[in-house]
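One structure is given below, encoded as structure tokens.
Rule-based calculations on the coordinates, nothing more; no lab input. Note that the structure is a prediction, hence the values are computed from the model and not measured. Every residue, glycine as well, gets a Cβ built from its backbone with ideal geometry; the counts of neighbours run over all protein chains shown.
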Amino acid sequence: MDDLYREVILEHYKNPVHKGELDAHNHDFEDENPLCGDFIHMDLQVDENGIIRNAVFSGHGCAISQASADLLLESIIGKPVDEVQHMSTQDVLDLLGIDDLGPVRLKCALLPLKVVKSALYGIEKDE
């Protein structure tokens, strides 16, 4: 991994911009990666035109999962829901600046995308 991208990941891990809770939100979801203990909860505020107006996350985990959550939310605010629902694995890897991750780290990086899509599709979490 290039040092520049490593620095970006560490910066978003140590100083996330989109970490917190939203009182006024109309979509939320949470999930975890049981292999490593990463946990992500997201609150999304979507307007009547289907545009994501605000988004935050909370939770804990490794630098990759937390940085991925922050970078992903940074990239989706202001976008239409249908565009975000079509985001791919490669989109997340591009945000992180990583081309190749092992299978466990890939799950860490993609957990935020899974949570965002689940929130937007209105999937209910099984208890």
Of (1) 0.98; (2) 0.93; (3) 1.11, the label for Cα Rg over 2.2 N^0.38 Å derived from the coordinates: (1)
Charge sum, other residues only, whose C-beta stays under 12 Å from HIS86's C-beta, Lys/Arg counted +1 and Asp/Glu -1: -1
Sum of side-chain charges, PHE39 neighbourhood, beta-carbon under 9 Å (Lys, Arg +1; Asp, Glu -1): -4
Footprinting exposure proxy for ASP23, ASP31, ASP70 (fewest neighbouring C-beta atoms within 10 Å first): ASP23, ASP31, ASP70
Value at 222 nm in deg cm²/dmol, rounded to 500, when DSSP H runs of n ≥ 4 in the chain each add -39,500 (n - 2.57): -14000 deg cm²/dmol
Charge sum, other residues only, whose C-beta stays under 13 Å from GLU21's C-beta, Lys/Arg counted +1 and Asp/Glu -1: -3
